[in-house]
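Derivation of every value follows stated rules applied to the coordinates shown; laboratory data play no part. Quick caveat: nothing in here was measured; it's all calculated off a predicted structure. Backbone-built Cβ (ideal geometry, glycine too); neighbour counts: all protein chains shown.
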Amino acid sequence: MTQDNDRAPRRERRGAGSEGMRLPYYPGCTLKTTAKNLEDSALAVAGVLGIELVELPRWNCCGVVTSLTDDDLMRHLGPLRNLIRVQEMNADGLVDDEMRLVALCSMCFNTLKQTNKRLAERPDDLEKLNAIMYLEEDYEGRVEVVHFLEILKEVDPEKIRASVKRPLEGLKVAPYYGCTLLRPKGIGIDDPESPTVQDDFIRMLGAEVVDNPKRTLCCGSYQTVANKDAVADLAYDILTHAREAGADVVTTYCPLCAFNLDNRQREVAERHPDFDSIPVLYATQLMALAFGLGEEACRFDLNHVNPTDVLNAARLVKEGT
Amino acid sequence: MSTKTSMMERISESTRSLTTGVDTKDVKHWVTIHIMGRGYRVPADLTIMTAMEFAGYKLIRSCGCRQGFCGACATVFRREGEYKLETALACQTRVEDGMSLVQIPFVPAGAASYDVGEEKYAYSVFSKYYPEVDRCVSCNTCTKACPQDLEVMDYVQAAVKGDFEALTEISFDCIQCGLCAIRCPAEIAQYHVAQLGRRMYGRHGSPEPEHLKDRIAQLEKGEFDEALEELVGATRDELEKLYAARERESD
C-alpha cells in the first residue's frame, strides 16, 4: 500500500447509483450458506441500482461476536484482516479509491465496525496486532465499515421508485430490527429505540409499513444453539405482535434473526398451539420482487416459511413463482 | 525369495543415511546445533535430518521419504537469540549455527470416519465431523507454521463458507505433517478437515473424468486380463526388460 500523504483530501463521493460505482463487499459465511437468499437478492437489487458490490478477495470470518474484553486481542485478528483486504483491493485496482466496506449481514457489519472503532481509538492495540500479522501489510486505519442500508440511503429515492416494476400494493410489512443494526452507540445506524431505516425503502416499493412494538426485542441470538425454547418464546412474542399489527410478512437484514424468527417457527408452533405462522423475509427479497426480478434473485425457495402463498394472496407473484 | 530380499536391500540402500561414512577430515565448515537441548558439532551443509544421523541418532520415526513429500519429519526449532518458533521439514531444511530443535514424530489428531458418498455436499459436513472449525479466529498461525507454504487459514475459512473447490485448490499440496494442528489456538486439525473437503469435492464437486469411465468399462470387459496374466507369469529378467522399456511421461 503506497503512502498517500500527497493525496488530496478525500474527494467528493460519487452518489450511489452513478455509473460504475464499485464498492468492496464483505459477505460473511451465512451469505454463502444458509442466507444465500440475502446475498442473491441484495446483489441483484444493487445491480439494478447501478451499485457493483465487489467481493473481498480471501475474506475470512468477520469475528462473529466482538470481544469486549481488554486482553482478548486475538479475536480482533479476523475482523482486522478483512479490513486489510480492502486496502489491498484498492492497491490492486479492484476498486477505485473506495475505502468503504459494505456488509449485508448486520452481525458481520457490527463486528467489523466494532473492531475498526476499537483500533482507531487504541493505536497501541493496532500496533500489537499489526506486529502479530507480520505476513500482512499494516492496517492504516482508513477503512470505513458501512451497512448496505447506508449505501441505499445515498441512492436518489426517485431512482428506487423508478426501478419498481411491480408495486407491492396491499402488502403489509413489519420490519424487524433486532440489535446489531442499532447498538451499541457509535456502531448502530439508526435510533436504537424507534428505528425506521428499513421502513422508508419498504414504502418506496409500494408496500405498507405496520408498526410492531417488538421490532427491537432480542431474537435470542446464539441462545438458539443451547436454549431453543427461550428463542422460540421470543420469536413467538415478536411474530405474534407483528401478526396482530396486521403484517403479512416480517423483514430483517440479519441471518441469525432470520434463523430464529423463520426456521424456529417449528419450535414456536410446538410450544404455542395458538401460533399463526408468518413469513420472514430479507428486506432485499421484497425489493427484488418489486423490481420485477425473477426467482433467481428473490430466492423465496430458501425461506423456511414459504412466503409465496401470502404473496399470491396479495397477487404479487404468479402461480408457481 | 531371493528377488524379494534383493529388492528390500535396494530400497534400504536407496534410503540409506547420506552421512554414513563421512570423513570428517574433508569437512571444512562446521556448525553447532542443539538437539533436544544437547549440543552437537555437525557439518554445515547437512539437513536437520542428516545432521541428527551424523550426531548418532537412529531415526525410526520422524523419517520417511527424505524428499519432502511424505510429511513424516515435522520439526520445530528456534534460531539462536530469536523469539520466533519456526517449523520445518527436517529433510528439507539445512542446519544453522546455534539452532535448537526437536522433531515431532506424531500428532495426536483423530481422523473421523465417514462415507463421502452418503454425506450431504454442504458446509455442514465440516461442523458434523470437525465442529472445531467454527472456532477459527483467523489468526493465521497455521499458515505461518506450514512448511509447504500453504494458505492453511484460507482453506479452513473456505470450509466454513462451504467452498469445496477453493479448499481443494488451496490445500492440494498438503503433506499432512500436522504442524498446523499443533500450533492452532482453536485446536483444529486442519489437515484432516482439508482431506474431508477434498474427498467431498472429488466425490460430489469435480466433474467425473470421461477417461476414467472408459477405462473402468475396459477393465470390466476384461480387456487387460491377458496382459496381467503375462506379467504375473514373467521371469525376473523379462520384468526388468519390460520395466526398462516402459512408457514414461516426459519429465
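The table that follows gives values for the structure above.
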read-out	value
Relative contact order (percent, whole number), chain B, Cα cutoff 8 Å, 6+ residue spacing	14 percent
Among A:VAL48, A:VAL280, A:VAL145: highest mean-square fluctuation, GNM of chain A, C-alpha pairs under 10 Å	A:VAL48
Positive-end residue, the protein assembly as shown charge dipole about Cα centroid, Cβ charges, pick of A:SER163, A:VAL225, B:LEU239	A:VAL225
Prolate/oblate/rounded call for the protein assembly as shown, Cα gyration tensor, a/c under 1.5 rounded	prolate
Rel. contact order, % - alpha carbon contacts under 8 angstrom, at least six apart, the stretch A:164-313	26 percent
Debye, to nearest 20: dipole size of the protein assembly as shown, +1 on Lys, Arg Cβ, -1 on Asp, Glu Cβ	1080 debye
Per-selection Rg to Rh, the stretch A:164-313 - Cα, Kirkwood hydrodynamic radius	0.95
Sequence-separation-based contact order of chain A, relative, with Cα cut under 8 Å and 6+ spacing, percent	19 percent
Max mean-square fluctuation residue, GNM over chain B, Cα-Cα springs under 10 Å, options B:PRO43, B:PRO209, B:PRO147	B:PRO209
Within the stretch B:27-103: Cβ-based charge dipole about Cα centre, in debye rounded to nearest 20 (Lys, Arg +1; Asp, Glu -1)	180 debye
Total formal charge among the other residues, if their Cβ is under 11 angstrom from that of B:GLY98, Lys/Arg +1 and Asp/Glu -1	-2
Estimated [θ] at 222 nm from DSSP helical runs (n ≥ 4, -39500 (n - 2.57)) normalised by residues in chain B, nearest 500	-10500 deg cm²/dmol
Dipole of chain A [Lys/Arg +1, Asp/Glu -1 at C-beta], most positive-end residue of A:MET107, A:PRO184, A:LEU286	A:LEU286
Chain B: most fluctuating residue of B:MET36, B:MET99, B:MET200 per GNM, C-alpha cutoff 10 Å	B:MET36
Semi-axis lengths, Å, the stretch A:76-216, gyration tensor of Cα atoms, sqrt of 5 times eigenvalues	35, 19, 10
Share, in percent, of DSSP beta bridges within chain B that are antiparallel, nearest 5	90 percent
Simple label model, 7 Å out from Cα along Cβ direction - B:PHE172 to B:ASP23, nm	4.7 nm
Trypsin sites (Lys or Arg not before Pro) restricted to the stretch A:163-224 and DSSP loop, no more than 14 other C-beta within 10 Å	A:LYS165, A:LYS185
Cut-off under 5 Å, modelled amide H: who pairs with A:ARG100 long-range	A:GLU144
Gap separating the Cα centres of the stretch B:46-78 and the stretch B:217-241, nearest whole Å	39 Å
Per-residue mean of C-beta atoms belonging to partner chains within 10 Å, peptide A:75-87	2
Given charges at beta-carbon only (K, R positive; D, E negative), |dipole| of chain A in Debye	280 debye
Counting DSSP beta bridges with both ends in the protein assembly as shown, the antiparallel % (nearest 5)	40 percent
Those Cys residues of chain B for which no other cysteine Cβ falls under 4.7 Å	B:CYS63, B:CYS73, B:CYS91, B:CYS136, B:CYS139, B:CYS146, B:CYS174, B:CYS177, B:CYS184
Alpha-carbon centroids, the stretch A:228-295 and the stretch A:89-140: separation in whole Å	33 Å
In order through the stretch B:143-154: 3J(HN,Hα) via Karplus (6.51 cos²θ - 1.76 cosθ + 1.60), integer Hz, x for Gly, Pro	4, 5, 7, 5, x, 8, 6, 7, 8, 4, 4, 5
